[in-house]
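The values are calculated or read from the model by the stated rules, or taken from the named source; none is laboratory data. It should be emphasised that the depicted structure is a prediction, and the values quoted were computed from it without experimental measurement. Note: ideal-geometry Cβ built from the backbone for every residue, glycine included; neighbour counts use all protein chains shown. All accessible areas refer to the heavy atoms of the entire protein, side chains included, with ligands and DNA or RNA removed. Shrake-Rupley method; radii C 1.70, N 1.55, O 1.52, S 1.80 Å.
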Amino acid sequence: MAFYFFFFFFLLSPFSIPSPAHAISFVAPIDKDNSTLLYSLTIYLKTPLQPTRLHLDLGASFTWVDCDTDYNSSTYRHIPCASPLCISLGHNISCSNCFNPPSPSCANDSCSLFPENSVTRKTAISTALTDSLALPTSDGSIQGPPILLPAYIFSCSPPSLLQGLANNVTGLAAFGRSNYSLPMQVSNTFSVPRYFALCLSGSTSDPGVALVGSVGPYYFSSQKIDLSKSLVYTPLILNPVGSTVIAYAGEPSDEYYINVTSINVNGKPIQINSSLLTVDENGFGGTKLSTATPYTVLESSIYNALTDAFVNESSALNLTATNAVKPFTVCYSAFDIIVTRAGPGVPTVDLVLQRDDVFWRVFGSNSMVKLAADGGDIWCLGFVDGGINPRTSVVIGGHQMEDNLLQFDLDSNRLGFTSSVLLKDTSCSNFNFSSKG
């Protein structure tokens with residue numbers, strides 16, 4: 001419903017640019033796909049503007065779009081190879097030449113990029129473009145007038161690169177550290193703060209929200225609960241080595257890492273090799289946030305320590321593990337678990353950060369996953385074994401981020417987080433997408 005309202009609103013609303021002095025956000029709904037459990041963002045692209053659904057990638061450097069399937073726009077432009085813009089992209093290859101009829105994905109003397117699907121780890125070579133992009137604005141509580149960014153920079157991609165993503169997406173929206181990610185292009189173009197906030201909904205029918213360019217307030221529910229007042233901050237850590245399929249020597253990762261120093265279960269630390277939690281000079285180890293994986297993935301020794309501690313603490317609640325369902329290994333009968341405001345009543349999991357008193361608490365709504373089994377519904381611990389020697393020791397996945405407001409402050413290189421907003425009698429699906437009357 002929100003999707004169609006957005007489009008209707010765009011048709012009726014004039015484009016304007018509010019004064020940078022006004023505290024505005026650029027806003028877009030985030031939907032969760034029922035099949036892949038991945039997230040997509042709806043933006044408005046091309047001329048005339050068309051609603052365009054893109055996979056939300058928290059660590060990608062630049063946006064890419066399938067330009068071979070029904071890409072019709074009067075304002076797209078290729079980027080010449082020798083142009084300053086092409087050179088500034090940094091990831092360009094030698095000039096593209098094309099012997100087919102001219103099209104968005106086919107041009108001579110055209111700057112080229114390597115669009116990448118972070119879910120399947122596939123990549124391609126395709127032309128870079130600029131075209132019109134528009135997003136509605138918000139004062140943090142309701143939708144305001146849309147704003148047009150006339151020369152948004154992105155890459156084309158072949159249709160094959162969409163494999164593994166939700167069926168209804170036509171590309172990828174980049175939210176990484178790069179100057180050419182969607183938030184950074186918006187901030188740089190309109191001189192708004194280099195901030196963005198994500199609130200992922202756990203519902204596949206009610207969207208969450210992305211808010212770009214404002215430090216807050218972020219109002220949720222009819223009571224106008226300002227979640228920015230609940231943010232706790234931790235530094236963002238720079239990984240010195242990127243992990244893209246095509247390596248770029250000397251360039252750091254555009255993904256977001258945080259300094260998890262230990263993990264507690266019910267307030268008790270588990271035994272972890274601390275070196276696994278530090279990013280080394282080759283880019284291995286540490287903790288990152290990712291929308292490319294549905295559940296948090298842990299290096300095997302960390303996973304085993306977590307599950308052992310969780311089972312031990314659960315036994316004190318008279319919970320006995322039952323047959324597990326892959327990819328999980330610890331599950332309990334739903335009949336035995338009390339459901340609270342913050343989800344299943346199970347032991348908490350704390351990601352301890354720069355100090356012992358700074359931690360991201362994971363309640364049952366984010367630690368457990370409800371599944372249907374032969375003997376009835378079960379709740380499973382929603383963490384996955386990532387094997388021995390993975391590149392990143394802890395990858396915080398989408399499920400653990402749902403109904404948590406996350407603010408990425410790129411001016412101060414820090415992450416703000418709330419833990420579960422369900423405890424504040426709201427959810428990420430409670431943002432008001434209605435327009436000002």
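Remarks
- Listing of strands (runs of 3 or more DSSP E) fully contained in segment 349-414 that carry 2 or more residues being closer than 21 Å to A321 by Cβ, at pLDDT 95 or above and among the aliphatic types (A, V, I, L, M): 368-373, 376-381
- Top-ranked residue of segment 208-244 - restricted to ones that are open to solvent by less than 60 Å² (accessible area, probe 1.4 Å), β-branched (V, I, T) and not in a strand (DSSP E or B), ranked as nearest to Q185 (Cα to Cα): T244
- In segment 314-333, the residues that are within 28 Å of T426 (Cβ to Cβ) and either surrounded by fewer than 20 Cβ atoms within 10 Å (Cβ to Cβ) or charged (D, E, K, R) (or both): L317
- Residue-level check: of (1) hydrophobic (A, V, I, L, M, F, W, C); (2) at pLDDT below 95; (3) assigned to a strand (DSSP E or B), F433 misses just (3).
- Sole residue being in contact with a strand residue (DSSP E or B) (Cβ under 7 Å, 6 or more places away or on another chain) and modelled with pLDDT under 95, chosen from A324, A292: A324
- Filtered residue count, segment 278-301, keeping only those that are of a type in the set (V, I, T), part of a loop (DSSP other than H, G, I, E, B) and open to solvent by less than 40 Å² (accessible area, probe 1.4 Å): 3
- Here the strands (runs of 3 or more DSSP E) wholly within segment 132-206 that include at least 3 residues being farther than 19 Å from F408 by Cβ are 143-157.
- Scanning segment 128-169 for residues that are within 25 Å of Y219 (Cα to Cα), open to solvent by 30 Å² or more (accessible area, probe 1.4 Å) and out of contact with any Phe, Trp or Tyr (no Cβ under 6 Å at 6 or more places or on another chain) turns up D139, I142, P145.
- Looking at C111, C81, just one residue is touching an Asp or Glu at 6+ places or on another chain (Cβ under 6 Å), touching a residue at least 12 places away in the same chain (Cβ under 8 Å) and not aromatic (F, W, Y), and that residue is C81.
- Residue that is open to solvent by less than 20 Å² (accessible area, probe 1.4 Å), of a type outside the set (D, E, K, R) and in contact with a helix residue (DSSP H, G or I) (Cβ under 9 Å, 6 or more places away or on another chain), where the choices are G345, G382, G364: G382
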